[in-house]
Amino acid sequence: MSGPELPAGAPPPPPAGHRTPQVPADDSRDARGARSWLWRQRWWLLALVVVIPAVVLAALGPRWWEYRQNTDGDLLFTQIGQPVDYAGALWRLDEVVILDRSDAEAGGVTVPSGAELVVAVVDVTPAASGSSLCTLEFVDPAQDRRWRNEWNRVDLAGTADAASGCEEERVGQYRFVVSWIVPAGVGASGQIELSVLDAEPLRIRFVP
Amino acid sequence: MRRTCSALGALLGVLLIVAAWGVHEIAPTPEMQEAPVAVPIAEGDWGSGRNIEATVADVAIAQQLTVGDAVEPWRGVTNGVWIVVQIEVQSVHRDGPLTLELEYADLLVPASDRPPNSVHLANIALSPGIATTGWAAFEVPVDMPRPDTVAVRIAAGADQRLDSVLVVTVDLTTAHEWDVFVLEPPTERVRL
């Protein structure tokens, strides 16, 4: 007795009593039931996914941190005239005056053609242990420019007794005068940045 | 089949080793990684780098240097010869010291600090937006053939790693030669 006829090319039916192994449906297997290359190498690939970022982080992380420390300080903005507590002392940028070339030279400071002199008066109440040395820079944020202060002194009204720059280990409130030579027109829009080494990277930015 | 895979794996391994050797060979050295960035500019042109802007306006060759009446008398006598270069220079973002060097044949000659500070550029402080014009003097040997061209290297700050250096090629064949050259004090202005 013959069974039903099969279409041409179809595989012959299994012999009676023979069970065809059942391969579970699995995307990781190909048509023959073998595991794919990706599946077989999955642990190596996973390790690569973890190891490559870890190596990059380990190689560049410390240098990135050093770069951050050296370049990005924390800025605390405050208005001119407002007192601010910084590095254990109380600081107040009392006054900023812009002198043109002729006025500056009348005050004894030579200013180049096309430049102006910015003069600032700062009141400081140091910590009980005494004052710290500080740096004051004039900043032009629009063009990312900054100037360190001049050593030549210009006296404004009421500053005859003022110091020339901040002083170290001074006890009790005092006042000092600093000045910067900048291109004409920059003084009105510029800002003044105060920093004390012990308090770095925090710095104070006095704005008009 | 298995043998073919093993052969391919071995070939891949060899290729990776060769590639690693190639990468090692072409990898920049630490000196190259930190080398200054040379910005070539022509004599007379205003050139800009990251924190430096300058032009070389004039060059002269002199047997002796002296100073004008405005400053204390000084005479610069040398066993070699002086190359004096007039430079206008300013910084862009930060103030700081100016560094000047001269590539003379295969020598790298720093700007001389023998002249009084008031008449040369070697020790000035750069200021953003405020240009200083003055002379730099370089003392070079007389017993070696004088090159037709030299290069003036102008940089902001003493540490030039990864920073711009303006390199100005200067023609010495057209430079005026002086027995005694008078150095005048630098002047400052804001360039418009």
- Item | Residues of the stretch B:162-192 satisfying the condition of being over 30 Å from A:Arg101 (Cβ atoms), in contact (Cβ under 8 Å) with a residue 12 or more places away in the chain and among the β-branched types (Val, Ile, Thr) | B:Val165, B:Val167, B:Val168, B:Thr169, B:Val170, B:Thr173, B:Val180
- Message: Restricting to the stretch B:94-139, give me the number of residues that are part of a loop (DSSP other than H, G, I, E, B), touching a Leu at 6+ places or on another chain (Cβ under 6 Å) and within 14 Å of chain A (Cβ to nearest Cβ).
- Response: 2
- Query: Only one of (1) under 12 Å from A:Val118 (Cα atoms); (2) modelled with pLDDT of 90 or more; (3) in contact with a Ser or Thr (Cβ under 6 Å, 6 or more places away or on another chain); (4) not hydroxyl-bearing (Ser, Thr, Tyr) fails for A:Arg203. Which number is that?
  - Reply: (1)
- Taking the stretch A:169-202, which residues are in a loop (DSSP other than H, G, I, E, B), among the polar types (S, T, N, Q) and within 14 Å of chain B (Cβ to nearest Cβ)? A:Ser189
- Task: Test A:Ala163 against the stated conditions and say whether it is of a type in the set (A, V, I, L, M) and at pLDDT 90 or above.
- Result: no
- Please find, among B:Gly134, B:Gly76, B:Gly68, B:Gly47, the residue that is crowded, with 16+ Cβ neighbours inside 10 Å and modelled with pLDDT under 95. B:Gly76
- May I ask you to say which residue of B:Ala158, B:Ala125, B:Ala151 is at negative phi, aliphatic (A, V, I, L, M) and modelled with pLDDT of 95 or more? B:Ala151
- Counting only residues that are of a type in the set (D, E, K, R) and under 13 Å from the mean Cα position of the chain (by Cα), how many does the stretch A:58-105 have? 4
- Considering only the stretch B:50-65, state which residues are closer than 28 Å to A:Gln143 by Cβ and either within 14 Å of chain A (Cβ to nearest Cβ) or surrounded by fewer than 16 Cβ atoms within 10 Å (Cβ to Cβ) (or both). B:Arg50, B:Asn51, B:Ile52, B:Glu53, B:Ala57
- Enumeration of residues in the stretch A:108-135 that are within 14 Å of chain B (Cβ to nearest Cβ), part of a strand (DSSP E or B) and surrounded by 22 or more Cβ atoms within 10 Å (Cβ to Cβ): A:Ala115, A:Glu116, A:Leu117, A:Val118
- Note on the structure: Going through the stretch A:146-168 in order, the residues found to be out of contact with any Phe, Trp or Tyr (no Cβ under 9 Å at 6 or more places or on another chain) and within 14 Å of chain B (Cβ to nearest Cβ) are A:Trp151, A:Asn152
- Task: Run B:Val142 past the list (1) more than 14 Å from chain A (Cβ to nearest Cβ); (2) in contact (Cβ under 8 Å) with a residue 60 or more places away in the chain; (3) over 20 Å from B:Val77 (Cα atoms) and report the number of the one that doesn't hold.
- Result: (3)
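The values are calculated or read from the model by the stated rules, or taken from the named source; none is laboratory data. As the structure is a computational prediction, the values presented were derived from the model and not from experiment. Here Cβ is always computed from backbone atoms with ideal geometry, including for glycine, and neighbour counts include all displayed protein chains.
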